[in-house]
Every structure is written in structure tokens, then in C-alpha cells.
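Structure, as C-alpha cells:
None of the figures in this text is laboratory data; all of them are computed from the coordinates on show. Nothing here was measured: the structure is a model prediction, and the numbers come from that model. Note: ideal-geometry Cβ built from the backbone for every residue, glycine included; neighbour counts use all protein chains shown.
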């Protein structure tokens, strides 16, 4: 039984999959890296197969699915680790992430642990630090999904009865956190991963293009995003700003935005 199961759904990601695989391999920790490929038509599976021939922790399956949520459910069914991480094919873990996460899980009662991440471009050049704050259900419900899935880890036993809702193709992470918001969340004030910003990603599209999906999510969880509620929503925004300020996270974001040549 490995300590971690890292879940990676993938489809036509030849541009990014190698660095995703390398970032998990370089953790040098007890884990399995589970890949669920949706019958990629490019060289993605060839890259994965070549990599897995040299790395026994990589276990891949290539078959049709009903979107990313369905692929994640297939991965959850295959996972055998004590802890679970979700890393998309265009994302990477920073060095030492699994070791840090394991240490915190072992000394706390957390069911879910999440940290910060770096937004990067297609060449892994850092754009900015995306920092966070301790878990807050009100902010999650009224402002949206502020927790980066690439920097989030779960006790496997806490997800024993959970499955992703396959009707969601874009906001499955928000739906997940809303489903499990009764669990014990722990925030780690440290960057754990990178999140690539590029033209092909689903979240790069405006919300208006997936209006129906967001409406389904609001109905499912009883959310109300009525523009008439602008004042309550503004109060929640201000509260989030307060939480980040009290953590010193805006200063951290500013520090990482300063060019390296200037800091040296």
C-alpha cells in the first residue's frame, strides 16, 4: 500500500505530460502515479508508455470515458494509497511536496490539506504566486472555487463514499469541495505545485460559455449568485482579503512578482 496515489486524467497532452511525469517521479517518495488517458490521438500515450517502462510507479490505462469527472472516478477506483493527490497533465509538483504533505498529515487530524501554487506559462516561467488562506465555507459557496486542486491532497478514507458528478466538465473541483465541506481542511502556507496558463485549458474560457453547467451547480448546492445580493457578496470578498492580509500572503505574492535579478 503506497503512501500516495497521484491521479492524472489526460487527453492529447503531448506538450505537457513529460514534465508532469517528471515532477511526480522526482518526489522520490512512496507513491503510485495513476494515469487515465481518454484515447489520445497525439503522442501522449507513447510518451507515457516510454516513461512507465523505466518507472514502475507509473500505471496507465487508455480507454474512452465520459469526460474528466468520469476519468477521475476511474482513477479513484484504481487508487490504493493512503493519501490521494489530483494532478492534471499540464500541472507539476514542486520539489519535496509529497514529503511535506505527508509530515503534516501524520501530525494533524486533517482530512484535506491544501496549499498555494505558482501560475506559470507554457514554458514553466512563473507568472505569479496564487496564495490562499484557511478554509472557509462561506467564501467557497459565495465566491467560487478558490482552492487549487493541484495543491490539494486527501486522506483516501475520507473519499471512500465520494465520486465526481459526471455532468460537470469544468467545475467538478468546486462541486467536489462543496460535497465534502464537512471534512477537516488544513491550509499550508506554502506553494506545492505549478498551474499552467495556456490557450487550450478548459478554465481559460469565460464562464459564460459554460453558463448551463454553473446553473446546474448552483441548483445542486442551493447557491444564489443573484446580482441583487451584491452587498453580501462584497462583504465575503472583503473577508477573504482580510484573511489573506492577516496571513501576510499579499506580501508573499508581491515578493514572488519581483524579478529574480532585482532580488539578487
Once you have the Cα-Cα distance between residue 137 and residue 107, take 0.36 nm times their residue separation minus that, and quote the gain in nm to one decimal. 8.4 nm
To the nearest 0.05, what FRET efficiency results for residue 166 and residue 64 with a Förster distance of 22 Å applied to their C-beta separation? 0.95
Taking 0.36 nm per residue of sequence separation and subtracting the Cα-Cα distance, how much length would be gained by fully extending the chain between residue 181 and residue 122, in nm to one decimal? 18.0 nm
Mind listing P(r) for the chain? All alpha-carbon pairs, 5 Å bins, whole percents. 1, 6, 12, 16, 19, 19, 14, 8, 4, 1, 0, 0
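Report, in cubic angstrom per residue, the convex hull volume of the C-alpha atoms of the range 1-157.
Roughly 126 Å³ of hull volume per residue.
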So, with points 7 Å from each Cα along the Cβ direction, the residue 56-residue 30 label distance in nm works out to 1.5
Computed over the range 71-151, Kirkwood Rh from alpha-carbon pairs, angstrom: 14.7
With the crude spin-label approximation of a point 7 Å out along Cα→Cβ, what separation in nm comes out for residue 197 versus residue 239? 2.8
CD proxy, 222 nm, the chain: helix-only mean residue ellipticity via -39,500 (n - 2.57) per DSSP H run with n ≥ 4, per residue, nearest 500, stands at -10500 deg cm²/dmol
